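The values are calculated or read from the model by the stated rules, or taken from the named source; none is laboratory data. None of these values were measured; they are calculated from a predicted model. When we count neighbours, we look across all protein chains shown, and the Cβ atoms used for this are built from the backbone with ideal geometry, even at glycine.
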Amino acid sequence: MKLKKRNIISAILLLVVYLIVLWGRSQGLITQFHEVTIVTMGVNMILAVSLNLIVGFTGQLHLGHAGFMAVGAYVAGVMTMKLGQPLILAVLLGAVAAAIAGILIGIPTLRLRGDYLAIATLGFGEIIKGILVNIEYVGGAAGLIGIPQLTNWTWLFAMIVLTVVLINNFINSTHGRACISVRENEIAAEAMGINTTGYKVLAFSMGAFFAGIAGALYAHYFFLIQPNSFTFLKSFDALVIVVLGGLGSITGSIIAALGVTGLNTLLQDLGALRMVIYSGLLVIVMVFRPKGLMGTKEFTFEMFMPKGGDKHERVKGK
């Protein structure tokens with residue numbers, strides 16, 4: 001009953017957020033500048049939550065997430081721009097293509113650990129970029145130009161909610177617990193009969209799937225995608241958001257994505273000084289919160305309840 005009540009409250013709050021943004025756009029309170037910031041925040045949320053599944057919950061240092069995003073963006077862009085397919089089909093095929101790429105890179109590399117895995121995934125991201133540069137069908141180095149702007153607030157909001165709900169349910173399932181056991185102690189997990197490589201590939205492919213969704217939404221809002229839009233710096237930005245929010249915290253990734261994107265937007269007029277301030281703030285946060293803003297905890301309604309409230313509820317339940 002308590003869980004159902006919490007879900008209803010969450011659904012109401014999400015609906016309120018959705019309607020507020022719609023109302024703000026209709027009243028002209030949300031300008032084109034604000035809309036670009038909102039879309040960037042949404043894409044970064046999806047990207048960070050999907051990367052957290054790999055890095056935070058499964059414990060695999062992955063530096064090529066932008067490569068999966070690129071696969072989703074280019075496949076979806078080709079589907080709508082060149083083949084005239086609807087956005088929903090383009091997003092789905094882009095995500096599936098990214099998931100397949102996740103499996104292809106995961107099977108041979110996820111037997112590696114630590115720094116070796118990081119280097120291998122970093123190389124994967126650069127390989128994807130190099131392939132895209134040399135394919136004329138998708139524009140080569142110039143990229144795809146003229147992709148229809150089909151991403152709107154409704155699509156973005158729906159995909160954010162879908163990503164968070166599915167990944168959260170996966171983490172709380174038996175398979176998700178197996179992934180967490182891989183992070184905690186891979187040798188012990190293997191001794192307990194868990195197929196550690198299989199679960200790492202599963203987490204990799206799921207993370208890639210949602211990164212593909214982020215890429216598809218990105219491509220259909222900004223008209224133009226280029227191979228240089230998906231360098232290792234994009235992967236590093238997503239990793240910074242995950243670490244800042246907390247390795248193993250979905251709500252931490254969401255809060256950090258909002259904060260980092262908003263901070264970058266506020267400081268963009270300062271030029272080179274922007275990066276100095278941005279980096280300094282990140283250092284301060286990591287010094288005082290080395291496990292990130294949320295650590296491994298999630299943002300819950302119980303955080304605002306008095307300490308005696310839970311005890312009272314338990315007594316009442318008895």
Taking the criterion of being farther than 10 Å from A216 by Cβ, at pLDDT 90 or above, in contact with a helix residue (DSSP H, G or I) (Cβ under 6 Å, 6 or more places away or on another chain) and not in a helix (DSSP H, G or I), would at least one residue in the range 98-121 satisfy it?
no
Pairing a residue in the range 184-206 that is of a type in the set (D, E) with any residue that is part of a loop (DSSP other than H, G, I, E, B), where Cβ atoms lie under 8 Å and the two sit 6 or more apart in sequence or on different chains, gives E184/G59; E186/G59; E186/R113
Checked against (1) in contact (Cβ under 8 Å) with a residue 60 or more places away in the chain; (2) among the aromatic types (F, W, Y); (3) exposed (fewer than 13 other Cβ atoms within 10 Å of the Cβ), F288 satisfies every condition except (1)
Within the range 18-54, the residues that are over 20 Å from L150 (Cα atoms) and touching a residue at least 24 places away in the same chain (Cβ under 8 Å) are A48, V49, S50, L51, N52, L53, I54
Exactly one of G102, G106, G59, G77 is surrounded by 18 or more Cβ atoms within 10 Å (Cβ to Cβ) and in contact with a strand residue (DSSP E or B) (Cβ under 6 Å, 6 or more places away or on another chain), and that residue is G77
When you check G280 against the structure, is it small (G, A, S), in a helix (DSSP H, G or I) and more than 21 Å from the chain's Cα centre (by Cα), yes or no?
yes
Matching residues in the range 1-35 (among the charged types (D, E, K, R) and either surrounded by 11 or more Cβ atoms within 10 Å (Cβ to Cβ) or under 16 Å from T154 (Cβ atoms) (or both)) number 3
